[in-house]
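In what follows, a single structure is set out as structure tokens and then discussed.
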Amino acid sequence: MTERLPYVPGFADRGNRESPKRVGKALREAVPRRAHAAFTEVPNRPDAPTAVEESNRGRIEELVPIRVGRMIASPFAFLRGSAGLMAHDLAYGTPTTGPAAQLCGDAHAANFGIYGDARGGLTIDLNDFDETVRGPWEWDLKRLAASLVLAGREAGVGEDVCRRAAYDAAGAYRHTLRLLARMSAADAWNAVADEELVSHADAHELLGTLERVSAKARRNTSARFAAKSTRETEDGGRVFVAAPPVLRRIGDAEAAAVVSSLEEYLRTLPEDRLPLLARYAVHDVAFRVVGTGSVGTRSYVVLLLDHRGKPLVLQVKEARPSVLRPYTARVGLAEPEPEHEGRRVVLGQQRMQVVSDTLLGWTTVEGRPYQVRQFRNRKGSVDPAALVAEEIDDYGRMTGALLARAHSHSADPNVLAAYCGKSDELDAAVAAFAVAYADRTEKDHADLVAAVRAGRLPAETGV
């Protein structure tokens, strides 16, 4: 009877019986797992100051010194702001296995964190998707591994511990894929729940830190931000109080453009969210500097108050094109130009997270694309550069497991698990790459510091 049923696009083709396990193992012939240890610097590689200058194009000029100042703080900070340079290095100087996944695009160790779900609970996952794009799965893994080495060096935990953290992150990635491959598709989709994560990743030494971060995250809300950053007006409303250069007032025309864009934003939300936002009124808009790599992009906070004067703050953040996109095209994974960069960010985030912000959407302000999300949605993060030796290894395993779960939503975990295999060959290769790339990043950081001292780039530190 089933032979007479038509094929439905969007579902698996029952006539295609090629084994995902066979496909994954066959990939080892083209790109052996040990090949991922390689990092070759190509002759046309841009130097660090040039790469930073190029990435500063289109940013607000007076904020560029803050961005550069944050990047020269340490090699780990430099890596956080140089996703485009690393994408160049991965595309030109490392092998590409073939299968594509939805990438975070900036999966360094500080881009994992805790945030609130719709019911007031906390979850932990990747939490930055400005550079998200479909691309080679190993690029995210290698960026994570290299960042762990740099964070460990900054923490002073010793070179063996740094390498081990990278090795165990790759191992946890591989083990998690194997776990997911043994499950049904439905069970695998929501597997490795947060309450099981510490045990799955054997990250028990990290428990105390996670508990402290979670306690802080529960207090990190719109209400608390509004209480510290706004004042009451004569009519009973509230407005933002300037705290330059991080938070500043803006002109009426600029504020009106942001507020007007919220009409488009509402059209990007599921209809069941609209009655909630209809209970809030817009009271004020301010400009707020964010991040390390994001500094200099346009970002606003919008203050909403309900009938009792309780606040909800939205962030309206400029969505620039992903810095990875030119390099994914270089390795044969080009995609059509996104119809809206904010939409790209939101859909990428939703494809990778198990639970996403219920108010994610996008809009356009004066011709520029933006993403919209809740601001201070009980967010908390672990500073990987402040972890002790016992914790950074656990943190590597935990983030490696989370990354595998995120990739498995868009790439077949059966194919990736078969490629990664049972042995630690991939783990050792990724760790070797991570150490080599961390060395390269330290040189890049030194070159940027030298350029700042020579007056080539302006830098404002301590902001």
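Residues whose amide H lies under 5 Å from that of His340, counting only those 5 or more places away or on a different chain, are absent; hydrogens are built 1.01 Å from N in the peptide plane.
Spin-label pair Ala242-Glu196: with each label point 7 Å from Cα along the Cα-Cβ axis, the two points sit 5.3 nm from one another.
With charges only on Cβ, +1 for K and R and -1 for D and E, what is the dipole size of segment 32-88 about its Cα centre, in debye, rounded to 20? Provide the component values of the computation, followed by the final result.
Numbers: 8 positive and 6 negative charges, 76 e Å.
Using Cβ point charges on Lys, Arg, Asp and Glu, segment 32-88 gives about 360 debye.
Dividing the summed -39500 (n - 2.57) terms of all DSSP H runs of n ≥ 4 by the residue count of the chain sets its mean residue ellipticity at 222 nm at -14500 deg cm²/dmol. With a cut-off of 19 Å on the backbone N, the residues of segment 291-321 near the modelled label site 7 Å out from Glu232 along Cα-Cβ are 303-312. Helix by helix through the chain, keep the DSSP H runs that span 18 Å or more along the axis on Cα and average at least -1.0 on Kyte-Doolittle, and give those back in order. Going by DSSP H runs, the hits are 137-155, 159-181, 207-219, 252-267, 389-407, 425-453. Placing unit charges on the Cβ atoms only, positive for Lys and Arg and negative for Asp and Glu, gives the chain a dipole magnitude near 400 debye about its Cα centre.
For Val42 and Ser260, a Förster radius of 56 Å and the Cβ-Cβ distance give a FRET efficiency of 0.75, rounded to the nearest 0.05.
Note on segment 91-149: percent of Cα-Cα distances in each 5 Å bin, starting at 0 and stopping at the bin with the largest distance, equals 4, 18, 22, 23, 15, 9, 5, 2, 1.
Provide the percentage of antiparallel DSSP beta bridges, counting only those with both residues in the chain; round to the nearest 5.
On the way: 40 of 42 bridges.
Roughly 95 percent of the DSSP beta bridges within the chain come out antiparallel.
Compactness of segment 198-320 was expressed as the Cα radius of gyration divided by 2.2 N^0.38 Å, which yields 1.27.
Given Cα pairs under 8 Å that are at least 6 residues apart, what percent is the relative contact order of segment 316-394? Could the numbers behind the result be given before it?
Numbers: 70 pairs, mean separation 24.5, N = 79.
About 31 percent, as a whole number.
Given 0.36 nm per residue, what is the gain on full extension from Asp160 to Ser410 after removing their alpha carbon distance, in nm?
Working: separation 250, 0.36 × 250 = 90.00 nm, distance 3.37 nm.
Extra length from Asp160 to Ser410 when fully extended: 86.6 nm.
Can you tell me how much longer the chain between Asp424 and Tyr7 gets when fully stretched, taken as 0.36 nm per residue apart minus their C-alpha distance, in nm with one decimal? Write down the numbers at each step before the final one.
Values: separation 417, 0.36 × 417 = 150.12 nm, distance 3.98 nm.
Net length gain for the segment: 146.1 nm.
Each of Ala226, Tyr327, Pro384 was placed along the dipole of the chain (beta-carbon charges, centred on the mean Cα), and the one lying farthest toward the positive end is Ala226.
Remark: segment 32-39, residue by residue, has Karplus-estimated 3J(HN,Hα) of x, 4, 5, 5, 6, 6, 6, 9 Hz, where x stands for each Gly or Pro and the curve is 6.51 cos²θ - 1.76 cosθ + 1.60 at θ = phi - 60°. Using bins of 10 Å that start at zero, the share of Cα-Cα pairs per bin across the chain amounts to 4, 20, 30, 27, 14, 4, 1, 0, in whole %. If r is the Cβ-Cβ distance from Glu62 to Gln350 and R0 is 41 Å, what FRET efficiency results, to the nearest 0.05? Using R0 = 41 Å, I get an efficiency of 0.75.
Summarising the label geometry, the points placed 7 Å from Cα in the beta-carbon direction at Arg212 and Glu339 lie 4.7 nm from one another.
Under 12 Å of direct C-alpha separation, and excluding same-chain neighbours fewer than eight residues apart, Lys21 reaches these aspartates and glutamates: Asp412. Take the residue pairs Lys379/Lys443; Lys142/Lys422; Lys379/Lys422; Lys422/Lys443; Lys228/Lys317; Lys25/Lys443 and return only those whose Cα atoms are more than 26 Å apart. Correct reply: Lys379/Lys443; Lys379/Lys422; Lys422/Lys443; Lys25/Lys443. Among Val282, Pro32, Gly158, flag the residue with its Cα farthest along the positive direction of the charge dipole of the chain, charges on Cβ as +1 for Lys/Arg and -1 for Asp/Glu. Farthest towards the positive end: Val282. When the chain is described by a simple charge dipole with +1 on each Lys and Arg Cβ and -1 on each Asp and Glu Cβ, the residue from Val355, Asn414, Val246 located farthest towards its positive end is Val355.
Compared with the direct C-alpha span, the chain from Ala185 to Arg279 gains 30.0 nm at full extension, assuming 0.36 nm per residue.
If packing is taken as the mean number of other Cβ atoms within 10 Å per residue, what is the order of 302-311, 38-47, highest first? Could you put the intermediate results ahead of the total?
Values: 302-311: 15.9, 38-47: 12.1.
My ranking of the peptides, most packed first, is 302-311, 38-47.
Can you give the charge dipole size of segment 205-326 about its Cα centre, rounded to the nearest 20 debye, using +1 on the beta carbon of Lys and Arg and -1 on the beta carbon of Asp and Glu? All intermediate terms of the calculation are to be shown ahead of the outcome.
Working: 20 positive and 14 negative charges, 101 e Å.
Rounded to the nearest 20 debye, it is 480 debye.
Using the Cβ-Cβ distance between His204 and Thr461 with R0 set to 41 Å, the FRET efficiency from 1/(1 + (r/R0)^6) comes to roughly 0.65.
Bear in mind that the values in this text are calculations on the coordinates, not laboratory data. All figures in this text were calculated on a predicted structure; none of them were measured in a lab. Ideal geometry is used to build each Cβ from the backbone, glycine not excepted, and the neighbour counts take in all protein chains shown.
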